[in-house]
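Following: one structure in structure tokens, then a few remarks.
The numbers here are math on the coordinates, done by the rules we state, and not lab data. Keep in mind it's a predicted model, so treat the numbers as computed, not measured. Glycine also receives a Cβ, built like all others from the backbone with ideal geometry; neighbour counts cover every protein chain displayed.
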Amino acid sequence: MKKEGGCKVAPSEKMNEITRLVEQYGNDVLRTAFVMLKSRELAEDAYQETFVRVCRYYDSFRGECSEKTWITGIAINVCRDMLRSAWKRRVTVTDDFSLHTSESNTEEIIESKDEKEELVRSIMKLPDKYREMIHLYYYQELDIKEISRVLKIPGGTVKSRLFKARSLLAEMMGGEANG
Amino acid sequence: MAENRNILQDDAILNDDSFKAAYKAGLDQLKASDELIQTTLNKCRMELETTGKKRRPINISLTRIALRYAALVAACLLVLVLLLRTPMGQSPKLTADSAPARAQGAKPMADSGAAAAPGSSSSLIEYLEKSAEKPSDRNNAAEDDSIPDLVRVEGSFINTLTLGEAGLNSMDFSGIQTLAGEDLPSWAADAILDTYNIAMGTQYTCDESNAIIVTTLKTGGLGADAIREASGFDALLGNQQYYLLPLKDENGEYTILLPVVESAVSYDDTSAPLDIAISREGRTWLSSQYSGIYTDHSRAELLVDREGNMQLVRDTFNVKQITGYVVADINRGHDFVIVVKADGKEYAIPCFDIGFVTSVDNGKAYPVRDVLSSLADSLEVK
């Protein structure tokens, strides 16, 4: 999406760019939404809405941050809106991560699946704001500044939440080990 | 997992690389299906097609606004030329209500040495604005308290994900029988805060005396036309109220605005429509761990500072008696307008999320019409 100052792009060219973004960032958006919403169904809704918003605001993207940061920010906002709209219907959270795995996993993945799923499951049990922090830092590999931009919180708060998130996670994993 | 446990337990510091690899591998199993990709691309295509037809980028909108007022400006210039040719004693005073805030955000009327008299009918600009409007619109707005039975936004916002589609709407509590806010007892605020902190794993603090009573807009939302035609917020507000608890983080900064409503119906824990339900002394308060609204500190400070906001209006417009103060939710808890009634007029202080409306500034006081016009301009997409 190399354009300057939000200049106009022909519709067909824009659609090609959107297709590229869906292909390049789609899975990351889906996973981010899943971690935020804890539901495959809701994550797929968020996935669609994220890219619809990408289309809507495509012309306003001025390259002040990376494409990835921009799209992640949109995805996070979509998820937060969904959590708010879900306020009344008390979202039922699924803990069964295995329900969401693809059937086309290789044997190698199946062998190590339990360990990795357990880690994901532990992360999913973190409170929202720590879960999103862990995800943005470890999965999306955004730095403190980028996370601060995406979540619209000061860098100091990002650091303290990240620290707290790590501590909580360590506590949870330790608890499991003893239990 | 044993490896991860060791990583997590050793010095309580995560080994970033191992952790990243394990976490990524765990999530890698989740992939968008071809069907999902195709459906999404189809929606994107439709969005791109409709974007060109229905929506206008802000620069085009501003152009249209400029064109709309071009005739007005031209008329002003013409009249000014005519005035310069008339004897000085017959010149009308240039004391438009809307001038100070437009010119500099919020210049005190007193500074100009010409406080606006109620009505300011002699104002040249106001006169021209009025004459540019349809006479019937102005009359209806003045006479009918209920103002147009406002344009209904297509569908309900509750289940849509796009904010600010084609109108304004408040946080919607239509599924809950709520009571209008009178007071939020400290026991209720404390209990809600504790429950929220436990659910979220946070340690937010809150001074319940800073709880903000928020009034919603009329149910169903407001379109640009209704907002433009309204004489003030009185005509736009609904009858539901809720509280916002401003929560501070460990650094003492406001971070979250937590909506709370008083229910007209008593619930036990399991039947409550929201996941935080506090009942005591015959009153029930509802909130949710999912409802916290992230905010920046300065915006929350503005919302909390009732006295400061009233003083701002006093200072800006040289008003004597303040008779009303309302915080109106105009965008589902994201954007607010603080409405202050004084000396028979309404003044408004915007408190918007970044970029919501660019023609008025947060934290400055304006005659209410200025803010309504700005909102209507920003919403005008048809």
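Shown here for the stretch B:287-328: trypsin sites (Lys or Arg not before Pro) in loop regions (DSSP other than H, G, I, E, B) with at most 15 other Cβ atoms within 10 Å, namely B:320. Compared with the alpha-carbon gap, the fully stretched path from residue B:20 to residue B:38 is longer by 3.5 nm at 0.36 nm per residue.
May I ask you to list the chymotrypsin sites (Phe, Trp or Tyr not before Pro) in the stretch A:45-76 that are in a DSSP loop and have at most 14 other Cβ atoms within 10 Å of their Cβ? All intermediate terms of the calculation are to be shown ahead of the outcome.
On the way: sites: A:47, A:51, A:57, A:58, A:61, A:70; in loops: A:57, A:61.
Loop-located and lightly packed - A:57.
Answer rounded, prolate or oblate for the stretch B:196-326, using the Cα gyration tensor with square roots of eigenvalues a ≥ b ≥ c: rounded when a/c is under 1.5, else prolate when a/b is larger than b/c, else oblate.
Working: a/c = 2.06, a/b = 1.36, b/c = 1.51.
Judged from the Cα gyration tensor, the stretch B:196-326 comes out oblate (a/c at least 1.5, b/c at or above a/b).
Debye-formula intensities of the stretch B:288-347, expressed as log10 I(q)/I(0) at q = 0.22, 0.30 Å⁻¹, are -0.89, -1.28 (one equal scatterer per alpha-carbon, no solvent).
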